[in-house]
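Notes follow once the structure below has been shown.
Nothing in this text is a laboratory measurement; each read-out follows from the coordinates by a stated rule. Treat the numbers as computed from the prediction; the structure is a model and nothing was measured. All Cβ positions, even for glycine, are placed from backbone atoms using ideal geometry, and neighbour counts span all protein chains on display.
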Amino acid sequence: MRFLFTAVFLFFISVMGFAQENYDVDLIPANLRNRANACIRNEETIIDMRSPDNVMLNVKKAITVFNQNGEDEARLVIYYDKNISIKGIKGEVYNSVGKLTNKFSQNDFADVSAADGFSLFVDSRVKHYLPSVNQYPYTLVYNYEIRNKQNLIIPDWNPKPAEDVSVEKSTYTFICKPTDQVRIKSQNYIGAPEVLTDEKQKKTIWKVSNILAVRTEPYSPALQTYATNIQIAPQAFYYYNHKGSYTNWQELGKWIYDDLLAERKALPTSTIEMVKDLVKNEKTDKEKARKIYQYLQDKTRYISVQIGIGGFQPIAASEVDRLGYGDCKALVNYMQSLLNAANIDSYYCVVSAGSEKKSMDPKYASMVQGNHIILCMPLKGDTTWLECTSQKIPFGFLSDFTDDRLVLACTADGGELLRTPKLTTAENLQTRKADLTVQLDGSVFGKISTVYAGSQYENQEQLIGKSITEKHKLLKETYNIDNINFETVSFAQKKDINPKLIEDITVNIRNYAPVNGNKMFLQLNAFNIKRSIPEIKNRTLPVYINRGYTDEDTIIYTLPDNVNSELIIGQNKTFKNVFGEYTCKTTLEGNKLTYHRKFVLNDGTFPAEQYSEFSKFINDVNSADYLKLALSLKK
């Protein structure tokens, strides 16, 4: 559901000869080995923007891999296409004492298409290489150089790629003409870069050293939000025969609309007349849009297009109308054209999609911040958003793939940042009701009905349309209980802006409440155990909860006649704080034992010093969820 930007994350290095450096692992300072699976000994990245259509990218990198967990950092991956030419690649491998053990070149790389399972048209290819080394530690040193015939996308600098990687030293150099206008975003860089200027060029150099590897802290913000990062966006750019200039989101959105979209909205006259006939009986624009959206879902399917400017520009609406398929850009542009035929306004919106919320930076416009397109309809008092790449998603529901983030709306008047609606803690709801009978041997059977809404709807929506075998497999992952069998399974959907999925199943769980002597041990919370999290002292990062949710479970157990119900004592727990709340209670009427549980987790960012309170809250919930009753059996 997303379109790719070729060469966004490429690193490029020169083919000059290797300096004769000592790569003995013992030379790495002890503090850079602590908690590190790999250490970047030295990385030198040089970007020379000689002209908008001639950008040379060069990197030299030496990285020591301490163990198997650091292997991914040694993997060298290079994307290329007609816009990118690889000038050369060289590399060497050294053992733990710094002795040369192997050399490699471009001929040793695997070369494959960059197409994924959703891509029909892709002209990008990938060269990748990972040395075959089975003795750790070892050091990989490589150089390569690439010419890029565009400057719309300048690779970012992220000197520390992962928490378990340390950095001995790393530099990033950007070279351009003194008259070139570029915008630079600097995040978490201490001090100012070195700037060297003469009549021919301006050279800006950033340097870091001695960055330690750190332990992973659960519920942390994404690394890219707090790590050192440099981004560069030239004002005047060239990309696949397209030229433009921008300094802010308004200008960038205007260029996208005028240069990439405006001439691709025309539809055949027959299709325009079809749309008018389709909605002629609908009274409101929203109902007209709903009818058109259903037509879009019935007619089209998603494929990816990644050829040249196709990474950013949709194929024409008339082509989608003829072919019946397109990528996210094409399907949004097509839906917009269909709405135009019904005189309904809409905005083509660029978004950074993914389950983790990531917004466009209001203060720094750049072409690489988005990876997907959605549609916004500014209906009077009822703004409605559409995801156009899914044949199953309900009208007006964006899902957690694009909710609650700033997106770029591209209009004839220019770009504007809008925020997508948020799936709230209360809306992300799972409500489960179960009626279970406990048998004399400790087995249980009965019916369970669960309603999923908000982001939890999307989590389970994958079950719709699956074979019965696949459904049972996926349900066993949801209901992670030994000896559980599903006798009947059915699903129903309520498909609207606030969709719901209703799951009805009957189960049989052998030996769920084991019997030992005159005791039967019954775990009250059968289906929804909250996992514990580690206690961490000296937490450094904020506590980040990406999305809140609410779970509510009610289970009625019909107990065997030989249970001495007079000895059952109610078990009630309540916890509440800024992170959420938890309640559980049991009641008994005759032989009906009712267990009720409600858990609310709030989204947000909280100070690091509150992690101890958060971990205690979650672990107290975990302990309460594992509560077992020892039921006394009559003789």
Item to check | Estimated FRET transfer efficiency (Asn619, Ala227; beta-carbon r; R0 25 Å; 0.05) | outcome: 0.30
Next on the checklist: Just want the ordering: Asp361, Asp625, Asp26, from fewest to most Cβ atoms lying within 10 Å of their own Cβ.
Outcome noted: Asp26, Asp361, Asp625
Checklist outcome for this item: Over 26 Å (Cα to Cα) among Lys288/Lys495; Lys291/Lys380; Lys392/Lys471; Lys466/Lys592 -> Lys466/Lys592
Next on the checklist: I want to check the label-to-label distance for Tyr295 and Ser443. Put each point 7 Å from Cα in the C-beta direction and report it in nm to one decimal.
Outcome noted: 5.6 nm
Checklist entry - Expressed as a whole number of Å, what is the distance separating the alpha-carbon centroids of the range 412-476 and the range 146-169? => result 39 Å
Next on the checklist: Can you give the FRET efficiency to the nearest 0.05 for Ser105 and Ser532, using r as the Cβ-Cβ distance and R₀ = 60 Å?
Outcome noted: 0.75
Checklist entry - Counting pairs of alpha carbon atoms under 8 Å apart in space and at least six apart in sequence, what relative contact order in percent does the range 490-635 give? => result 34 percent
Next on the checklist: Once you order the gyration tensor axes a ≥ b ≥ c over the Cα atoms, which shape class does the range 118-208 get: rounded for a/c under 1.5, otherwise prolate or oblate by comparing a/b with b/c?
Outcome noted: oblate
Item to check | DSSP beta bridge pairing in the range 284-432, given as percent antiparallel to the nearest 5 | outcome: 90 percent
Item to check | Most positive-pole-ward Cα, Leu100, Ser490, Pro221, against dipole of the chain from beta carbon charges | outcome: Ser490
Checklist entry - How many angstrom lie between the C-alpha centres of the range 70-85 and the range 32-63? => result 12 Å
Item to check | Measure of compaction for the range 197-278 (Cα Rg per 2.2 N^0.38 Å) | outcome: 1.97
Checklist entry - Any idea which of Gln294, Pro268, Leu417 is furthest toward the positive side of the dipole for the range 246-419, if Lys and Arg beta-carbons carry +1 and Asp and Glu beta-carbons -1? => result Gln294
Checklist entry - If you place +1 on the Cβ of every Lys and Arg and -1 on the Cβ of every Asp and Glu, how big does the dipole about the Cα centre of the chain come out, in debye to the nearest 20? => result 300 debye
Checklist entry - Which of the aspartates and glutamates could a cross-linker bridge to Lys576, judged by Cα under 17 Å and excluding same-chain residues fewer than eight apart? => result Asp551, Glu552, Asp603, Glu613, Asp620, Asp625
Checklist entry - So which lysines pass the test for Lys202, namely a Cα distance under 19 Å, with those fewer than 8 places away in the same chain ruled out? => result Lys177, Lys185
Next on the checklist: Test of understanding: what is the full-extension gain from Asn485 to Ser209, defined as 0.36 nm times their sequence separation minus their Cα-Cα distance?
Outcome noted: 93.7 nm
Item to check | Neighbour-count order for His596, His128, fewest beta carbons within 10 angstrom listed first | outcome: His128, His596
Checklist entry - Any idea what % of Cα-Cα pairs in the range 246-419 are farther than 26 Å? => result 23 percent
Checklist entry - Using all Cα-Cα distances in the range 566-635, what percent lands in each 5 angstrom bin from 0 up to the longest? => result 3, 13, 23, 18, 13, 11, 7, 5, 3, 2, 0, 0
Checklist entry - Once the Cβ-Cβ distance between Asn34 and Met274 is put in as r, and R0 is 60 Å, what FRET efficiency do you end up with, to the nearest 0.05? => result 0.35
Item to check | Distance in nm between pseudo-label sites at Asn511 and Ser318 (7 Å out along the Cβ direction from Cα) | outcome: 7.0 nm
Checklist outcome for this item: By the Kirkwood definition, with r running over pairs of different Cα atoms, the chain has a hydrodynamic radius in Å of 28.4 Å
Checklist entry - So between Ile502 and Glu21, what do we pick up on full extension, going 0.36 nm a residue minus the alpha carbon distance? => result 166.8 nm
Item to check | Overall form of the range 429-632 per C-alpha gyration tensor (a/c, 1.5; a/b vs b/c) | outcome: oblate
Checklist entry - Ranked by Cβ crowding within 10 angstrom, fewest neighbours first, how are Val621, Val195 ordered? => result Val195, Val621
Checklist outcome for this item: The simple spin-label model distance between Glu416 and Ile464, using points 7 Å out along Cα→Cβ, in nm, is 3.2 nm
Checklist entry - Which lysines, on any chain, are close to Lys103 with Cα under 27 Å apart, when same-chain ones fewer than 8 places away are left out? => result Lys60, Lys61, Lys87, Lys90, Lys127, Lys160, Lys169
Next on the checklist: Which one, Asn333, Ile315, Pro394, is farthest towards the positive end of the dipole of the range 246-419 when Lys and Arg carry +1 and Asp and Glu -1 on their Cβ?
Outcome noted: Pro394
Checklist entry - For the range 429-632, with only Lys/Arg (+1) and Asp/Glu (-1) charged at the beta-carbon, what is the dipole magnitude about the Cα centre, in debye rounded to 20? => result 180 debye
